[in-house]
Amino acid sequence: EVVIIDNLTSGRTTNLNPRARFIEKDINDDSIHEFFLNEKFDIVCHQAAQVDVRVSVEDPRFDAGINVLGSLNIYEACKNSGVKKIIFASSGGAVYGEQETFPASEDHPTNPCSPYGITKLLNEKPDIAGIAMPNMPSGSPGMPGTKSGPFVIYAVGHDGSTKEFMRI
């Protein structure tokens, strides 16, 4: 069963696959922990984020509140509920900053130029900020993780909403 958690800040229920169960909830909500314990998820695909680079520059605290603290809330809930794997949707390029080569490979040097890029990099490499936990998506001991560039796994509409995710 696929369960989708979203606070609908920028998403719409009309974009959801009707076969998925939808729960309206914010990733910063502490009730996420109990929800994860009750659901006993095997895999979590973490797509939630504040994705507007302009917003991140205008209000970096707001950006970090979602992209760092909200993500930590998800990771802690995963760790405490026995989730076996996290798939984290990173950025399609914001973590690289000004690219040295095109296209950028996954081992391209990272040099984010915006608060958004920094928050995405923190999720990829939490040890650089001293926030590493065994359940972070870097694949550190205790919880295997996978990073994916969202340009690979979903298409974004002109309004920023996800139109299709991993058609199976």
Just need a number here: residues in the range 7-45 that are closer than 14 Å to Ser81 by Cβ and not polar (S, T, N, Q). 13
For the range 8-35, how many residues meet the condition of being β-branched (Val, Ile, Thr), closer than 18 Å to Gly70 by Cβ and open to solvent by less than 100 Å² (accessible area, probe 1.4 Å)? 3
Hey, can you tell me all the residues within the range 53-68 that are among the acidic types (Asp, Glu) and open to solvent by less than 60 Å² (accessible area, probe 1.4 Å)? Asp63
Residues located in the range 56-76, provided they are in contact (Cβ under 8 Å) with a residue 40 or more places away in the chain and more than 14 Å from the chain's Cα centre (by Cα): Ser56, Val57, Pro60
Of everything in the range 36-52 that's more than 18 Å from Leu8 (Cα to Cα) and either within 15 Å of the chain's Cα centre (by Cα) or open to solvent by less than 30 Å² (accessible area, probe 1.4 Å) (or both), which residue is modelled with the highest pLDDT? Phe36
Go through (1) at pLDDT below 90; (2) within 19 Å of Glu1 (Cα to Cα); (3) of a type in the set (S, T, N, Q) and name the single condition Ser91 misses. (2)
Selected residue (only one of Val57, Val51, Val44, Val68 is part of a helix (DSSP H, G or I), aliphatic (A, V, I, L, M) and either in contact with a strand residue (DSSP E or B) (Cβ under 7 Å, 6 or more places away or on another chain) or more than 14 Å from Glu124 (Cα to Cα) (or both)): Val57
Of all residues in the range 77-99, which are assigned to a helix (DSSP H, G or I), more than 12 Å from Ile43 (Cβ to Cβ) and open to solvent by less than 10 Å² (accessible area, probe 1.4 Å)? Ala77
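The values are calculated or read from the model by the stated rules, or taken from the named source; none is laboratory data. Every value quoted in this text rests on a predicted model; they were computed, and no experiment measured them. Note: ideal-geometry Cβ built from the backbone for every residue, glycine included; neighbour counts use all protein chains shown. The protein model used for the area step is the full one, side chains on, heavy atoms only, and it has no ligands, DNA or RNA in it. Shrake-Rupley method; radii C 1.70, N 1.55, O 1.52, S 1.80 Å.
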